[in-house]
Amino acid sequence: MIETSPTSLLEKQSPPQIPFRVFAVRFVFYTIIILSVFIGIGVAVFHIQTSLEIKENNVKNKSAIAIAANLATHDFETVIGDLLFLSSDDTAKGFLEGNNIENSIIAIQEEFLNLSRTRQLYDQVRLIGPSGNELVRVNFANGKSTIVAPENLQNKFNRYYFSATSLLAKGEYYISPIDLNVENSEIEFPHKPMIRFGTPLIDASGILRGVIVINYLGQDFLDKFRKQMELVPGTGMLLNRDGFWLSSPDIEDEWSFMFGGEVSFGKKYPKAWETIKKEQTGVVETAKGTFSFTTVNPSTKMDQTPTMAKQLEDWKIITVSFDEQIDFSSIKSRLLIYFPFLGILPIAMLIGFFLARSTVGRKLAELKLVEANSYLEEKISIRTHELDERVKEQTGLYSLAKILNRLDITIEESLELAVEVLPPAWHYPEITCACIIYGERDFTTANFMKTDWCQTAPINYQGNRVGVIEVYYLEETPELDEGPFLKEERNLINSMATNIENFLIRKHTEQNLLSALKEAEKASKVKSEFLASMSHELRTPLNAVIGFGQMLQLSPSYPLSPNQNEFVENILEGGNHLLELVNEILDLASIEANQLNFSLSDFEANEIISTCVQLVTPLGEARSIKIIDNFSNGPSVLLFTDHTRLKQVLINLLSNAVKFNNDGGTVTIEGKETDYGYLRISVTDTGIGIAKEDQSSVFNLFHRVDADPMIAREGTGIGLTVTKLLVERMAGRIGVESDAGIGSTFWVDIPLASNDDVLIWTDAIKVGVDAIDSDHQVLVSMLNRLMRRSTDEADVDDIIDELIDYTQHHFAREEAIMEAYGYPDYERHCNLHQRLIDDVNQQAESWSNESSQENLDLLRKFLKNWLFNHILKEDAKIAISSKGKDQGIRQRLEDQGLISGTKSSKT
Ligand code: ADP
């Protein structure tokens with residue numbers, strides 16, 4: 001019961017905050033992610049580029065190695081070519097033939113000198129005799145070739161190249177391993193790398209005559225090699241077979257095998273050497289670097305070589321990419337390429353910022369939503385609770401209204417029940433008790449006890465306090481913040497008091513109405529009885545007056561003088577009119593008292609109409625009014641009704657048509673079958689007509705249009721009232737259409753003999769108890785109204801309501817009657833009534849839910865059957881057992897306010 005305006009639900013919420021830390025963490029996180037992606041891409045590109053570079057380097061290295069290998073081969077080919085030329089040309093032949101040694105030596109000197117000058121590659125070109133003595137020697141130094149004087153020639157018998165070459169066969173050659181030149185047992189400095197090529201000179205008889213030795217200057221080759229290697233991306237080196245450097249980037253390391261062999265590739269890079277030593281060519285990756293290598297042996301390519309005494313040792317050409325020797329300059333340049341990528345840092349930060357902001361924003365929105373949700377849920381639960389309370393209160397009010405609306409109980413009984421519905425509507429029903437004080441009486445709940453926690457509401461009637469409602473809590477409750485009761489409960493108790501006040505007003509009004517009704521019924525009854533008895537009383541002397549008047553006129557013994565005759569004429573006219581009036585009054589009284597009996601039979605409408613026309617014709621003739629019968633000679637129409645009463649009706653209409661016609665006018669009677677089972681007989685005149693505003697009242701008792709005695713024609717104003725009652729009792733209907741000054745058409749609908757829907761009251765269905773029979777008559781006429789097919793929907797609803805209402809009233813009377821004389825089957829009969837009421841209500845509900853013709857037909861059929869059956873089968877039994885107890889019954893009905901023989905339908 002907390003006051004909360006729905007609009008404030010969300011406003012009251014302080015928005016949830018996401019701490020800056022969360023935002024910062026997200027920002028850093030997203031920035032790092034984005035940077036990582038960029039960097040990853042960079043690294044991948046770098047890696048690809050590097051590996052491409054490595055591949056490219058490898059290719060470069062390989063081709064450099066191949067070029068270097070070719071260089072060596074090419075130089076060696078030249079040397080060997082020269083050597084073989086020297087050993088086989090004419091000069092050599094001259095020497096071998098030994099005809100003129102001195103000349104031969106000179107020729108050889110010349111030849112060697114030429115060669116040395118041309119090639120500029122040979123440190124020495126020598127001819128060494130079989131005993132090791134140098135015979136010819138041309139040196140090349142400082143760009144100059146010189147023939148060494150004979151005194152400077154040395155014995156080389158012990159040198160390995162001499163002995164190795166002198167063992168060779170003709171045409172074979174020797175290539176020494178590369179080493180540094182030794183001069184006079186000292187390693188010459190600057191170093192002179194040297195390869196010795198030698199071939200033997202063998203004469204025709206196979207005797208060794210000498211050895212030609214060319215000292216090839218390795219430096220030239222090594223320089224070219226080194227130059228070549230400068231072009232490769234890695235470090236180029238040349239190793240001899242034993243893994244000693246012949247060419248190394250580190251010059252210190254070169255030629256170590258000439259100085260004790262401390263330094264070697266094998267020692268420095270044992271792991272790489274292991275493979276390089278064994279394989280011809282390949283790539284070795286070690287922790288220290290990547291080694292591309294190939295093995296070269298220039299002599300193998302020399303296909304003109306028949307044999308070799310000693311093969312040139314295998315050289316290893318290696319290029320190395322040292323890991324520790326990463327080319328920082330290239331990395332730097334590459335990084336420079338990436339430098340623009342540094343621009344991504346602010347971009348990454350920006351994206352990171354927005355991502356962080358949007359995710360944090362979303363998170364925030366989610367949080368807000370969750371919080372709003374839970375807030376709403378809480379509110380809803382409060383609201384639901386409040387609603388439950390309201391429902392409880394409304395239920396209390398509804399229960400109270402239901403009790404107060406009951407018609408069958410007194411004020412006291414109502415209040416006794418009402419007090420019990422109060423506590424359940426309160427906030428804490430289990431500790432609530434209540435009391436309604438009305439007049440002298442207190443109505444309390446079973447647990448009633450006065451406490452300090454009380455609320456009251458006065459009950460007023462006509463400005464006076466006539467009572468009070470008191471509600472007490474039996475104990476104090478913590479939630480009672482507004483005195484003992486909350487606002488809603490104050491409203492509730494006030495509403496209940498108001499309800500009771502309205503109830504009292506209604507009850508008192510009802511009581512007043514009931515007594516007024518009783519009075520009216522009594523008066524009406526007195527009137528009917530008076531009229532009936534007066535009619536009888538009047539008719540007797542009136543008949544005497546008319547009879548004697550006629551006797552006076554007709555007496556042959558005492559003929560009347562013209563004057564006397566005129567007086568008697570007046571007496572007779574007045575008397576007849578009076579008699580007519582009295583008869584009509586008598587009819588009316590007996591119809592109203594439901595005492596008129598009908599005797600039904602089948603007959604032709606043609607015949608009865610013809611009779612009526614004949615009867616009225618003289619009346620018309622007196623005023624030259626022509627009565628035209630358009631019906632009687634037509635096809636015969638069979639009716640099932642009371643012959644005499646129908647005649648009475650038609651004569652009444654025809655005589656009115658004459659009476660209110662102009663002299664010389666016409667009256668036309670016609671008949672037509674309706675499509676709802678009736679014959680519509682209409683009487684049309686050319687008379688004065690009836691103004692529109694008067695048409696609805698012409699059927700009212702004593703109503704006469706233009707009731708001015710000067711213009712009024714003879715008449716009583718009873719005729720049409722009686723006619724209407726008669727028609728309706730015959731399950732028919734009457735109506736009028738008229739234009740003032742032009743004429744009127746009065747019509748009646750009378751059921752055809754073939755119409756099974758109607759139920760006409762006759763003595764045959766009379767029970768024999770006046771009160772019951774008159775009710776049955778009313779019910780029958782109501783039923784007939786419902787049966788009429790032309791009745792429109794709104795009328796049907798009214799008739800059904802009226803019918804149900806009247807049926808209930810009738811059942812109450814019938815039950816009172818049964819109770820009055822102790823009807824033995826009372827209980828069962830009452831149950832039957834209840835069942836019938838329930839059934840009718842149910843049918844009526846189906847009709848009101850769906851106003852279809854089908855539902856209406858069902859309802860009609862049901863009503864007709866039960867009414868007919870109930871009257872004939874059940875109510876007839878009441879009559880048998882109630883005989884002779886009329887007085888008791890009357891008294892009982894009077895006591896209960898149910899004496900209403902004239903409670904009539906709205907006819
Ligand atoms: P009465 O004819 O005895 O006056 P009714 O009950 O028959 O009484 O008629 C009531 C009134 O209806 C008449 O006084 C008359 O004013 C009017 N009325 C009845 N029939 C006609 C008609 N055919 N033409 C014009 N007015 C008529």
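Give the peptides 412-419, 862-869, 260-267, 514-521 in descending order of average Cβ contacts within 10 Å, highest first. Numbers along the way, then the final one.
On the way: 412-419: 19.6, 862-869: 17.0, 260-267: 15.2, 514-521: 12.5.
Ranked by mean Cβ neighbours within 10 Å, highest first: 412-419, 862-869, 260-267, 514-521.
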Can you compute the radius of gyration and Dmax for the range 537-624, using only the Cα atoms, both in Å? 17.9, 51
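With every protein chain kept in place and ligands, DNA and RNA left out, what is the accessible area per residue of the chain? Probe 1.4 Å, answer in Å².
Details: 47380 Å² over 907 residues.
On a per-residue basis, the chain sits at 52 Å².
To the nearest 20 debye, what charge dipole does the chain have about its Cα centre, counting +1 at the Cβ of each Lys and Arg and -1 at the Cβ of each Asp and Glu?
Dipole size: approximately 4720 debye.
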For the range 174-310, with equal point scatterers placed on the C-alpha atoms only and solvent neglected, what are the log10 I(q)/I(0) values from the Debye formula at q = 0.09, 0.16, 0.20 1/Å, to two decimals? -0.35, -0.96, -1.33
For a protection proxy built on the mean count of beta-carbon atoms within 10 angstrom, sort 46-52, 725-731, 807-813 highest first, please. 725-731, 807-813, 46-52
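Can you give the FRET efficiency to the nearest 0.05 for residue 611 and residue 529, using r as the Cβ-Cβ distance and R₀ = 45 Å? Could you put the intermediate results ahead of the total?
Values: r = 34 Å, r/R0 = 0.77.
The value I calculate is 0.85.
How much of the accessible area of the range 618-663, in percent, comes from carbon and sulfur atoms when a 1.4 Å probe is used? Write out the running numbers ahead of the final one.
Numbers: 1230 of 2240 Å².
Carbon and sulfur together cover 55 percent of it.
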Computed over the range 364-441: relative contact order in percent, which uses C-alpha pairs under 8 Å that are six or more apart: 25 percent
Could you give each residue of the range 142-156 its phi-based ³J(HN,Hα) in whole Hz, using Karplus coefficients 6.51, -1.76, 1.60 with θ = phi - 60°, and x for Gly or Pro? 6, x, 10, 9, 9, 7, 6, 4, x, 5, 8, 6, 10, 8, 10
Where only C-alpha atoms are counted, convex hull volume of the chain per residue in Å³: 459 Å³
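Efficiency by 1/(1 + (r/R0)^6): what FRET value for residue 154 and residue 278, r their Cβ-Cβ distance, R0 = 41 Å, to the nearest 0.05?
Efficiency, from the Cβ-Cβ distance: 0.50.
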With only alpha-carbon atoms counted, please give the Rg and Dmax of the range 742-863, in Å. 16.7, 63
Charge-dipole axis of the chain as Lys and Arg at +1 and Asp and Glu at -1 on Cβ define it, positive-most pick from 86, 577, 688: 86
Take the alpha carbon atoms of the range 581-616, find their center, do the same for the range 623-689, and report the distance between the two centers in whole angstrom. 14 Å
May I ask you to list the aspartates and glutamates whose Cα is less than 12 Å away from that of residue 277, ignoring any residue fewer than eight positions away on the same chain? 242, 314
Using the charge dipole of the range 746-868 (Lys, Arg: +1 at Cβ; Asp, Glu: -1 at Cβ; taken about the Cα centre), state which of 847, 823, 803 has its Cα farthest towards the positive end. 823
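Taking all protein chains in place and a 1.4 Å probe, what share, in percent, of the accessible surface of the range 171-237 do carbon and sulfur account for? Don't jump to the answer; show the numbers that get you there.
Values: 1350 of 2570 Å².
Reported share for carbon and sulfur atoms: 53 percent.
Between residue 819 and residue 876, 0.36 nm times their residue separation minus their Cα-Cα distance comes to what?
On the way: separation 57, 0.36 × 57 = 20.52 nm, distance 1.58 nm.
Taking 0.36 nm per residue and subtracting the Cα distance, the gain is 18.9 nm.
Could you work out the relative contact order of the chain, using alpha carbon pairs under 8 angstrom and six or more residues apart, expressed as a whole percent? If you can, show how the numbers build up before the last one.
Numbers: 1283 pairs, mean separation 62.2, N = 907.
Once divided by the residue count of the chain, the mean separation gives 7 percent.
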My understanding is that a pair violates if its Cα-Cα distance is over 25 Å; which of 192/227; 156/192; 60/278; 724/864; 379/450; 527/659 do that in this structure? 379/450; 527/659
Here the tail fraction of P(r) beyond 16 Å, over all Cα-Cα pairs of the range 413-464, rounds in percent to 44 percent
GluC sites (Glu not before Pro), restricted to the range 809-873: which are DSSP loop and have at most 11 other Cβ atoms within 10 Å? 850
Cα-based Rg and Dmax for the range 434-527, where Dmax is the largest Cα-Cα distance (Å): 19.0, 70
Report the net charge of residues surrounding residue 19, where surrounding means a beta-carbon distance below 12 angstrom and charges are Lys +1, Arg +1, Asp -1, Glu -1. +3
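What full-extension length gain, to one decimal in nm, is calculated for residue 739 and residue 28 as 0.36 nm per residue of separation minus the Cα-Cα distance? Provide the component values of the computation, followed by the final result.
Values: separation 711, 0.36 × 711 = 255.96 nm, distance 10.11 nm.
Taking residue 739 through residue 28 to full extension adds about 245.8 nm, to one decimal.
If the range 587-635 were replaced by its equivalent ellipsoid, with semi-axes equal to the square roots of 5 times the Cα gyration tensor eigenvalues, what would those be, largest first, whole Å? Each step should come with its number before you reach the end.
Numbers: eigenvalues 159, 70, 9 Å².
Value: 28, 19, 7 Å, ordered largest first.
In terms of the ratio Rg/(2.2 N^0.38 Å) built on C-alpha atoms, what value belongs to the range 103-201?
On the way: Rg = 13.2 Å, N = 99, 2.2 N^0.38 = 12.6 Å.
Dividing the Cα radius of gyration by 2.2 N^0.38 Å gives 1.05.
Using only DSSP helix segments of four residues or longer, with each worth -39500 (n - 2.57), what per-residue ellipticity at 222 nm results for the chain after dividing by its residue count and rounding to 500?
Values: 23 runs with 465 residues, N = 907.
For the chain, the value works out to -17500 deg cm²/dmol.
For a protection proxy built on the mean count of beta-carbon atoms within 10 angstrom, sort 270-281, 366-377 highest first, please. Don't skip to the end; give the middle numbers.
Details: 270-281: 15.8, 366-377: 12.4.
In descending order of packing, they fall as 270-281, 366-377.
Please give the length that would be gained between residue 700 and residue 560 if that part of the chain were fully extended, namely 0.36 nm times their separation in residues minus their C-alpha to C-alpha distance (nm, one decimal). Write down the numbers at each step before the final one.
Values: separation 140, 0.36 × 140 = 50.40 nm, distance 4.26 nm.
My answer for the length gained is 46.1 nm.
Taking R0 as 25 Å, what FRET efficiency do you get between residue 454 and residue 511 from their Cβ-Cβ distance, rounded to the nearest 0.05? Please report the intermediate quantities before stating the final value.
Details: r = 32 Å, r/R0 = 1.30.
Plugging the Cβ-Cβ distance into 1/(1 + (r/R0)^6) gives 0.15.
As a test of the definition: which semi-axes, in Å, follow for the range 606-663 when you take the square root of five times each eigenvalue of its alpha carbon gyration tensor? Largest first, please. Kindly include the intermediate steps, with their values, before the conclusion.
Values: eigenvalues 95, 34, 12 Å².
Value: 22, 13, 8 Å, ordered largest first.
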5 Å is the cut-off here: which amide hydrogens, built 1.01 Å from N in the peptide plane, fall below it relative to residue 182, excluding neighbours closer than 5 in sequence? 188
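The values are calculated or read from the model by the stated rules, or taken from the named source; none is laboratory data. Keep in mind that what you see is a predicted model, and the values were worked out from it rather than measured. Ideal geometry is used to build each Cβ from the backbone, glycine not excepted, and the neighbour counts take in all protein chains shown. The area values use the complete protein model at the heavy-atom level, side chains included, leaving out ligands, DNA and RNA. Shrake-Rupley method; radii C 1.70, N 1.55, O 1.52, S 1.80 Å.
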